[in-house]
Ligand code: NAP
Ligand code: G4F
């Protein structure tokens, strides 16, 4: 039976990857860090599987990394999905982000070399955020289109993206310098019902789910609503102390473009990369780009609301010191070499997330 180690198993992607590997008959070792509350909610459905083993560890602690790898040197695959993965948080906690998202990867790679794990394959979760401000331009007969692929230069725009660049280069160095089978997936934004609640897509679908449930419980129809700067009120009950009120959805930059796909599809790409004879780097994306505004429109329309402007507040608190304005990937290489294509569209994704948050 093949063994795989997942650093970051409790995260969105770690949980999808664990589903996939267990389905494929792997023995899965998941690394979880000790925190004061239970973080296993995304893998709750897997906890009684005998092929899943959880090990306690932290990728910032090189001792814990080497001890875990020493106990599982027979692992065929090692996935590094662990990160402080929130871009806005990385501006507030840059050193912590560096230690986890940048140096954590080095701790794993060096431990694999020190332990002589020549037969184990390594996956690094690189990010489209590394492209930052940069893109390439394809000039057609009548139009131009912007895109990023494996050859686009990185111009990172956040402490998170800089840490990811360091880990990405480190992965390439250990591949070339130590002959390690180390691949990096440069994944564009991917979401789903298991997405953390403070990423923009999930923040929106979670809010709409809570809002619709509140309307249903209180017998409120959108036509009954009265607007205020911060909350929505129900007609005839304007007294704030007693009236029905619901906080508006507060967001930052609505004009950013992202290439959003479904996390389950992207975890299949990670696994496929490690099945290749030679390690390499691959862009994984949908090739479509949409603004936060467009996501809002699809989500609100999907619950029968034509308009979102009166329910959303643009709050500068959610602006970032530096922004990534435009991401749209070109995954031709993954299509050709891995035979991978995304299965879910932007609309599918938004509706899947809304349905889940409504239930
Ligand atoms: P996520 O939901 O934030 O999960 C991050 C995981 O890392 C969690 O399991 C977390 O554990 C773990 N972790 C954090 N600090 C750790 C530490 N010091 N030691 C060990 N584990 C630690 O992220 P995701 O969306 O699944 O993304 C997975 C990976 O892909 C991340 O590296 C992310 O940066 C990268 N990525 C994500 C996207 C995307 O759109 N989702 C795109 C490109 C790249 P806790 O549960 O204890 O917090
Ligand atoms: O959902 P986001 O926080 O994702 P972001 O910054 O693109 O990063 C995600 O994708 C990366 C891949 O490109 C990953 F590497 C990274 O780990 C993470 O998974 O923000 C998306 C956009 C940004 O432009 C942000 O400024 O939405 C904008 N936004 C507007 N209002 C907001 C909000 N983002 C968040 N999180 N919260 C808001 O209220």
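Since every read-out is calculated from the coordinates, none of them should be taken as a lab result. Note that the structure is a prediction, hence the values are computed from the model and not measured. All Cβ positions, glycine included, derive from the backbone under ideal geometry; neighbour counts span all protein chains shown.
Put a dot 7 Å past each Cα toward the Cβ at residue 119 and residue 49; how far apart are the dots in nm?
2.3
May I ask what percent, to the nearest 5, of DSSP beta bridges between residues of the chain are antiparallel?
Once the DSSP bridges in the chain are tallied, antiparallel ones form about 25 percent.
Classify the stretch 315-359 as rounded, prolate or oblate from the Cα gyration tensor: take a ≥ b ≥ c as the square roots of its eigenvalues, call it rounded if a/c is under 1.5, otherwise prolate when a/b beats b/c and oblate if not.
It comes out oblate by the Cα gyration axes.
Listing 59, 212 from the residue with the fewest other Cβ atoms within 10 Å to the one with the most, what is the order?
Fewest-to-most ranking of 59, 212: 212, 59.
Given a Förster radius of 22 Å and the C-beta distance between residue 250 and residue 358 as r, what FRET efficiency does 1/(1 + (r/R0)^6) yield to the nearest 0.05?
It comes out at approximately 0.60.
Evaluate the relative contact order of the stretch 160-230 (contact order divided by residue number), counting alpha-carbon pairs under 8 angstrom at least 6 apart; express in whole percent.
13
Tell me, what is the FRET efficiency for residue 151 and residue 197 to the nearest 0.05, using R0 = 45 angstrom and their Cβ-Cβ distance as r?
Here the calculated transfer efficiency is 0.80.
Mind checking the full-extension length gain between residue 138 and residue 2? Use 0.36 nm per residue of separation minus the Cα-Cα distance, one decimal, nm.
The span from residue 138 to residue 2 would gain 44.7 nm if fully extended.
Which order do the peptides 100-107, 254-261, 8-15 come out in when sorted by mean C-beta neighbours inside 10 angstrom, highest first?
Ranking, from highest mean packing down: 8-15, 100-107, 254-261.
Tell me the relative contact order for the chain as a rounded percent, counting alpha carbon contacts under 8 Å between residues six or more apart.
17
With a/c under 1.5 counting as rounded, go ahead and sort the stretch 71-168 into rounded, prolate or oblate using the C-alpha gyration tensor (a ≥ b ≥ c being the square roots of the eigenvalues; past the cut-off, prolate if a/b is larger than b/c, else oblate).
In terms of gyration-tensor shape, oblate.
Please tell me the relative contact order of the stretch 75-175 in percent, rounded to the nearest whole number, where contacts are Cα pairs under 8 Å and at least six residues apart.
Relative contact order comes out at 37 percent.
Name the most mobile residue of 115, 274, 180, meaning the one with the largest mean-square fluctuation, in a Gaussian network model of the chain with Cα contacts below 10 Å.
It is 115.
Give me the distance between the Cα centres of the stretch 104-122 and the stretch 84-103, rounded to whole Å.
Cα centroid to Cα centroid, the span is 22 Å.
Could you tell me which of rounded, prolate or oblate describes the stretch 115-227, using a ≥ b ≥ c as the square roots of the eigenvalues of the alpha-carbon gyration tensor, with rounded for a/c under 1.5 and, failing that, prolate when a/b is larger than b/c and oblate otherwise?
Cα axes put the stretch 115-227 in the oblate bin.
Hey, with R₀ at 45 Å, roughly what FRET efficiency would residue 73 and residue 218 work out to, going by the Cβ-Cβ distance, to 0.05?
The formula returns an efficiency of 0.20 here.
Could you tell me how far the Cα centroid of the stretch 161-198 sits from the Cα centroid of the stretch 1-56, in Å?
Computed from Cα coordinates, the inter-centre distance equals 19 Å.
How far apart, in nanometres, would the label points at residue 110 and residue 179 be if each is projected 7 angstrom from Cα along the Cα-to-Cβ direction?
It works out to 2.3 nm between the two label points.
Specify the residue with the greatest mean-square fluctuation among 273, 130, 155, computed from a Gaussian network of the chain linking alpha-carbon atoms under 10 Å apart.
Per the Cα network of the chain with a 10 Å cutoff, 155 tops the list.
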